[in-house]
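The values are calculated or read from the model by the stated rules, or taken from the named source; none is laboratory data. None of these values were measured; they are calculated from a predicted model. Here the Cβ is made from the backbone with ideal geometry for all residues, glycine too, and neighbour counts use every protein chain on show.
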Amino acid sequence: MKKVLITTGGGDCPGLNAVIRGITKRAAKTGEWQVWGSFEAFNGLMEDPPRLMQLNESNTAGIHVQGGTLIGTTNKGNPMRFPVKKADGTIEIENRLPLLIQKIKNQGFDAVINIGGDGSQEISQALFEQGIPVVGVPKTIDNDLSSTDFTFGFQTAVQVASDSLDRLVTTAASHHRVMIMEVMGRNAGWIALYTALSGGAEICLIPEIPYDLEKVIDRIKSRYDDGRGFVNIVIAEGAYAKDGTITSTKGEEGRQAVKLGGVAFTLSQQLKDAGLEADIRETILGHIQRGGTPVAFDRVIASVFGVKAMELVLDGKFGQLVVLRNNDFSSAPIKEAISTYNVVDPSGTLVQAAKGMGMCFGD
Ligand code: F6P
């Protein structure tokens, strides 16, 4: 029997279990491949003795409807930048890639399927360049990978956020309040934009369009002046005001520069400091967007990603990432996926359609 190793790395994401089940089912059909999972990304494999779990059709049965990941995940312990505490208490960063390669070989794995975001795929690419047969599966609720039209988990995050916005609308209307709802997405505004469109928010603030506070205030006032008397704002965690110091939301520079989270409170304070006379409330959805059962669309693409990943292994097509492009499933070089970053295009169809319906982006 041949052996394939599966890992799930980085933040969890609805659909991870569906990928694991898809791989396991496809491998079982060959009758020639065993599937093993390493707990908490590659950490389980690196331990002595290794913490691994053999996956089969019975222990993965029905897991596609469950959130989280059966084999755990972590964003700590990247083997390429492993933090080691020295005797004097200082932390030294070690490259443990050679050790990881040795462990993969020692355990007799013939292939690796690494399910994760850009950080995990950086590890996939490095392993591939060192001769390890690796296939990648893209994972993030943020939908910010340009190599695929959609990542699984994104639609679930949007559904959770959209349901929450529906609930905020009725309380906003009853109290004539300004509701500010913050959603995830790192430095991409996809979750915010889809949620605002789905829920009909009046204002949507995203990192790709730094907002002008005056324009936001004008829009809020107009809602009170025209008698509707309440406002719903969706703000992406990476959004910031035009006069902020951040100059780029693209690439690594932008990702490092933006301080994520808590922006609902920042905006609320900015509105109050500007003298806006309105009752304002803030909601930060946080990790609720990542938990629980995936919606049907995410289950479907995650399951197909799993099957396709195993088929890439069977076909010996390594260094590839499974992707969904133009309504079809295919693959792309992992290298390509980690070098480009997909953010909302301010002049693209979605933003323009939202503007056409009167949504304010603060620009
Ligand atoms: O990348 C997925 C994501 O959920 C982002 O939207 C968010 O900024 C980040 O991860 C949160 O990370 P953590 O779970 O480490 O707080």
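Do you know which residues across region 95-128 are of a type in the set (D, E, K, R) and surrounded by 13 or more Cβ atoms within 10 Å (Cβ to Cβ)?
Within region 95-128, ARG96, LYS103, ASP110, ASP118, GLU122 meet the criteria.
Answer yes if at least one residue in region 316-325 is assigned to a helix (DSSP H, G or I) and either within 16 Å of the ligand (Cβ to nearest atom) or closer than 26 Å to ALA161 by Cβ (or both), and no otherwise.
Residues of region 316-325 that are assigned to a helix (DSSP H, G or I), as a first pass: none.
The answer is no, given that none of the residues of region 316-325 is assigned to a helix (DSSP H, G or I) and either within 16 Å of the ligand (Cβ to nearest atom) or closer than 26 Å to ALA161 by Cβ (or both).
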message: Every residue in region 109-163 that is among the hydrophobic types (A, V, I, L, M, F, W, C) and part of a strand (DSSP E or B), please.
response: ALA111, VAL112, ILE113, ILE115, VAL134, VAL135, VAL137, LEU145
- prompt: Applying the selection to region 130-144, what residues are of a type outside the set (S, T, N, Q) and either under 19 Å from GLY316 (Cα atoms) or more than 11 Å from the ligand (Cβ to nearest atom) (or both)?
  reply: GLY131, ILE132, PRO133, VAL134, VAL135, GLY136, VAL137, PRO138
message: Here is a list: GLY77, GLY37, GLY68. Which entry is within 22 Å of the chain's Cα centre (by Cα), under 24 Å from ARG299 (Cβ atoms) and within 16 Å of the ligand (Cβ to nearest atom)?
response: GLY68
query: On the given criteria, is GLY72 in contact with a Pro (Cβ under 9 Å, 6 or more places away or on another chain) and surrounded by 13 or more Cβ atoms within 10 Å (Cβ to Cβ)?
result: no
query: Is it the case that VAL258 is within 30 Å of SER339 (Cα to Cα) and at pLDDT 95 or above?
result: no
message: Checking the conditions here, which among LEU193, LEU197 is within 16 Å of the ligand (Cβ to nearest atom), under 24 Å from GLN352 (Cβ atoms) and in a helix (DSSP H, G or I)?
response: LEU193
- prompt: What is the residue count in region 38-61 for residues that are on the phi < 0 side of the Ramachandran plot and in contact with a strand residue (DSSP E or B) (Cβ under 6 Å, 6 or more places away or on another chain)?
  reply: 8
- prompt: Pairs under 6 Å by beta carbon, first residue at pLDDT below 95 in region 157-182, partner not charged (D, E, K, R), six or more apart or different chains?
  reply: none
query: Can you name the residue in region 220-243 that is under 18 Å from THR266 (Cβ atoms), away from the ligand (no atom under 16 Å from the Cβ) and of a type in the set (D, E, K, R) and, of all such residues, is surrounded by the fewest Cβ atoms within 10 Å (Cβ to Cβ)?
result: ASP243
query: Quick check: is even one residue across region 266-289 without any contact (Cβ under 8 Å) to a residue 60 or more places away in the chain, in contact with a Phe, Trp or Tyr (Cβ under 9 Å, 6 or more places away or on another chain) and closer than 27 Å to GLN34 by Cα?
result: no
- line: Note on region 4-18: residues within 16 Å of the ligand (Cβ to nearest atom) and either assigned to a helix (DSSP H, G or I) or of a type in the set (A, V, I, L, M, F, W, C) (or both) are CYS13, LEU16
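Of these, VAL35, VAL65, which one is among the hydrophobic types (A, V, I, L, M, F, W, C) and out of contact with any strand residue (DSSP E or B) (no Cβ under 9 Å at 6 or more places or on another chain)?
VAL65
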- prompt: What do you reckon, is LYS25 more than 16 Å from the ligand (Cβ to nearest atom) and in a helix (DSSP H, G or I)?
  reply: yes
